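The values are calculated or read from the model by the stated rules, or taken from the named source; none is laboratory data. Bear in mind the structure is a predicted one, so any value in this text is a computation, not a measurement. Cβ: placed from backbone, ideal geometry, glycine included. Neighbour counts: every protein chain shown. Keep in mind that these areas ignore ligands, DNA and RNA; they rest on the heavy atoms of the full protein, side chains included. Shrake-Rupley method; radii C 1.70, N 1.55, O 1.52, S 1.80 Å.
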Amino acid sequence: MLQPTPTTAEVRGEKLTALLTINGADEGGDGRVPLLSSSQAGAGGRPAHTPWERHGSLQNNTALRQALHNWLTPDLPAHRGPEEADVRLSVDAPDAITEGEVYELRATVPPHIRGHDRVAVFAAAGDGPVRTMENLGGGRYRARLAGLSAGPHRVRVSTANARHVVMTALVLVLESGADDGE
């Protein structure tokens, strides 16, 4: 937008002469429209987008076409849920199970989160494999982890990408028979 652009004019004799300045400052423009004319009222004098292009070639400027597309296109539909990694979850994870039991944990995404019922939610215990949690609908998810050995385990729940941990739970797997008084 810093192309030489007539911004004001003055009468010289019987002729109107275009000037590249306003109050002595050259603010530029696109060669046809002064920068001050491309600013939205109340926007503090800053234009929304300032392509470094001449007026007659604005339609050829890829960045400007993309900016126009972004301004005029509504938000894309959510097919798998929000794109941001920090989706707030409520996780119900038991603190202890007995060896041989299936460890079941549940996660809920609040309904006010756009795409809450289509979020990719993952769970893993310790260094075990990362599993996609089952989508139960309505923003509810479930994972069933089997084969946890006796001892403590750290369970990680994540969204968007399996390495971005949103919540951690600790579970103690008791040896079978340990709870019957032996």
Condition first: at pLDDT below 85, farther than 13 Å from Val91 by Cβ, open to solvent by 50 Å² or more (accessible area, probe 1.4 Å) and touching a Ser or Thr at 6+ places or on another chain (Cβ under 9 Å). Can you find one or more residues in region 151-166 that meet it?
yes
Condition (residue is among the hydroxyl-bearing types (Ser, Thr, Tyr) and at pLDDT 90 or above) applied to region 131-140: is it met by at least one residue?
yes
Considering only region 101-117, state which residues are assigned to a loop (DSSP other than H, G, I, E, B) and within 24 Å of Ser176 (Cβ to Cβ).
Glu101, Val102
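Within region 129-150, can you find the residues that are under 16 Å from Ile97 (Cβ atoms), in contact (Cβ under 8 Å) with a residue 12 or more places away in the chain and open to solvent by 30 Å² or more (accessible area, probe 1.4 Å)?
Residues of region 129-150 that are under 16 Å from Ile97 (Cβ atoms), as a first pass: 142-150.
With the extra rule that they be in contact (Cβ under 8 Å) with a residue 12 or more places away in the chain, the set shrinks to 142-146, 148-150.
Passing the criteria: Arg142, Arg144, Ala146, Ser149, Ala150.
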Could you list, ordered by first residue, the pairs with Cβ atoms under 9 Å in which the first is in region 77-106 and closer than 20 Å to Arg154 by Cα and open to solvent by 60 Å² or more (accessible area, probe 1.4 Å) and the second is hydrophobic (A, V, I, L, M, F, W, C) and modelled with pLDDT under 80, at least 6 apart or interchain?
Asp86/Ala160; Asp86/Val166; Arg88/Val166; Ser90/Met167; Glu99/Ala178
In region 1-26, which residues are open to solvent by 60 Å² or more (accessible area, probe 1.4 Å) and β-branched (Val, Ile, Thr)?
Val11
Are any residues in region 107-134 under 15 Å from Val91 (Cβ atoms) and in contact with a helix residue (DSSP H, G or I) (Cβ under 9 Å, 6 or more places away or on another chain), and if so, which ones?
Thr108, Val109, Pro110
